[in-house]
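Peer 1: Here it is: the structure, laid out below.
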Amino acid sequence: MKVKREQVQILSIDSDSDVGVCRRKAVALAGKMGFDEVKTGEIAILMSELGTNVLKHGGGRGRICISELTDENNRRAIEIFCCDTGKGIPDFDQAISDGFTDKSSLGIGLGSIRRFSDIFESVSTRDSNSPLAEFSSLFNHCLRCVKWVPELNWRSSNRKLIVGAASVCKPGETLNGDSYVIAHPGPDRTLAAVIDGLGHGKEAHLASTLLKEQVLLKSELPLSDLMNYLHQSARGTRGAVIGLTFIDTHRSILQFAGIGNIEGFVLTKEGKKSLISFGGILGHHIRSPRMFEYPFSKGDVVCLYSDGLTTRWNPDDIDWTEHPQQIAEKLLTHYSRLNDDTTVLVISNLG
């Protein structure tokens, strides 16, 4: 199935009253699509920020395209393109950081749009696959926002999985620069992450805690989209590395995407398979995220850990049939470094 756009509305922005019209149109469409009151309010804010940005920074003239998007996986979203007659944004990553501005403003507008969007990017109006091609000659600079329709909230856990985790800060520190998070966006779906803020202490703790919160807020996103979102969210922090794991027990698969030196592996009946991460630092520089998929059936185990765990241990020496919490605590107790924070996460599949 190809990407499909329906209920496409193209609106002009030339004055403050036009911003209000665009906001009301977006809110009305969001309500029809099934967004709740909170998410609809976020859409209203990001639409106001987009429109105001056109008038203040985008040459005072622009055009908004609002539509209902259905992707190849049959996920639905509200999609907003905002084009203007300005000079564009030379450094998009810098511009979406709170506090950056080249005008007499607080510089939080694009940062707000980023937080309230699941996808936020600068795009070319010359893309023939977009609904913007018809007026590409008028507007060369364009921003694209996508916000997915949330699925029904699942308040329980994945009963086919047992999770164990242990984390400790560097000896002498009071704040842990590592963190871990487990979320269950559905009865058969689990998202787990190990996060390591750069260095240790307060600044590392702030970076990892912020990313933990964002993982919880955006747990329904595909791993590649989530990784890009986290990279944007970490702007202005010290930065962090992360290992993201998504488990679908209905399909018996595990997906992994990693940035930086979070280590991990999957143990199956066929043996040990290392999880592949790519270099980079969230919030500073990363390669395009890649997601790897592995079989994950009854009896299989996945283990993730930060670089606070030494290399002086052998997975073959561990009894992986023990409870994951016992395994995590033993690894932390016997193999933690004395000069860093350490986190271990172990998940077993009961089938």
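The values are calculated or read from the model by the stated rules, or taken from the named source; none is laboratory data. Since we're looking at a predicted model, the values are computed, not measured. When we count neighbours, we look across all protein chains shown, and the Cβ atoms used for this are built from the backbone with ideal geometry, even at glycine.
Peer 1: Find all pairs meeting these conditions: Cβ atoms under 8 angstrom apart; at least six residues apart or on different chains; first residue within the range 6-24 and assigned by TED's automatic domain parsing to the domain that holds residue 84 and under 11 Å from residue 62 (Cβ atoms); second residue basic (Lys, Arg) and assigned to a helix (DSSP H, G or I).
Peer 2: 11/25
Peer 1: Let me ask something else about it. Can you tell me which residue in the range 276-296 is surrounded by the fewest Cβ atoms within 10 Å (Cβ to Cβ), limited to those that are of a type in the set (Ser, Thr, Tyr) and assigned to a loop (DSSP other than H, G, I, E, B)? Talk me through it step by step, then tell me what you get.
Peer 2: Within the range 276-296, the subset of a type in the set (Ser, Thr, Tyr) is 277, 288, 294.
Restricting the remaining residues to those that are assigned to a loop (DSSP other than H, G, I, E, B) gives 277, 288.
Details: 277: 21, 288: 8.
For the range 276-296, the residue satisfying everything is 288.
Peer 1: Which residues, counting only those in the range 331-351, are out of contact with any Asp or Glu (no Cβ under 7 Å at 6 or more places or on another chain) and closer than 23 Å to residue 190 by Cβ?
Peer 2: Within the range 331-351, the first condition is being out of contact with any Asp or Glu (no Cβ under 7 Å at 6 or more places or on another chain), and the residues that meet it are 331-339, 344-348, 350-351.
Passing the criteria: 331, 332, 344, 345, 346, 347, 348, 350, 351.
Peer 1: Still on this structure: Can you say whether residue 283 is outside the structural domain of residue 118 (by TED's automatic domain parsing) and in contact with a His (Cβ under 9 Å, 6 or more places away or on another chain), as far as the supplied structure shows? Let's see the steps before the verdict.
Peer 2: Values: outside the structural domain of residue 118 (by TED's automatic domain parsing): yes; in contact with a His (Cβ under 9 Å, 6 or more places away or on another chain): yes.
Yes, satisfied.
Peer 1: Give the range 246-275 a look and list any residue that's of a type in the set (D, E, K, R) and either over 23 Å from residue 189 (Cβ atoms) or assigned to a loop (DSSP other than H, G, I, E, B) (or both), or say none.
Peer 2: Result: 251, 263, 269, 270, 272.
Peer 1: Residue 241 fails exactly one of the following numbered conditions: (1) in a helix (DSSP H, G or I); (2) surrounded by 19 or more Cβ atoms within 10 Å (Cβ to Cβ). What is the number of that condition?
Peer 2: (1)
Peer 1: Can you tell me which residue is surrounded by the most Cβ atoms within 10 Å (Cβ to Cβ) among those in the range 167-217 that are of a type in the set (Val, Ile, Thr) and part of a strand (DSSP E or B)?
Peer 2: Step one: list which residues in the range 167-217 are of a type in the set (Val, Ile, Thr), which gives 168, 174, 181-182, 190, 194-195, 209, 215.
Subset that is part of a strand (DSSP E or B): 168, 181-182, 190, 194-195.
Numbers: 168: 18, 181: 21, 182: 19, 190: 23, 194: 27, 195: 30.
Only one residue tops the list, namely 195.
Peer 1: Are any residues in the range 315-343 in a helix (DSSP H, G or I), closer than 17 Å to residue 300 by Cβ and among the hydrophobic types (A, V, I, L, M, F, W, C), and if so, which ones? First the steps, then the outcome.
Peer 2: Narrowing the range 315-343 to residues in a helix (DSSP H, G or I): 315-317, 324-335.
Checking the rest, the ones that are also closer than 17 Å to residue 300 by Cβ come to 315-316, 324, 327-328.
Hits for the range 315-343 are 327, 328.
Rundown of residues vs (1) crowded, with 18+ Cβ neighbours inside 10 Å; (2) in contact with a helix residue (DSSP H, G or I) (Cβ under 9 Å, 6 or more places away or on another chain); (3) not assigned by TED's automatic domain parsing to the domain that holds residue 27, yes/no style:
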| position | (1), (2), (3) |
| --- | --- |
| 50 | yes, yes, no |
| 55 | yes, yes, no |
| 58 | yes, no, no |
| 64 | yes, yes, no |
| 71 | no, no, no |
| 74 | no, no, no |
| 79 | yes, no, no |
| 84 | yes, yes, no |
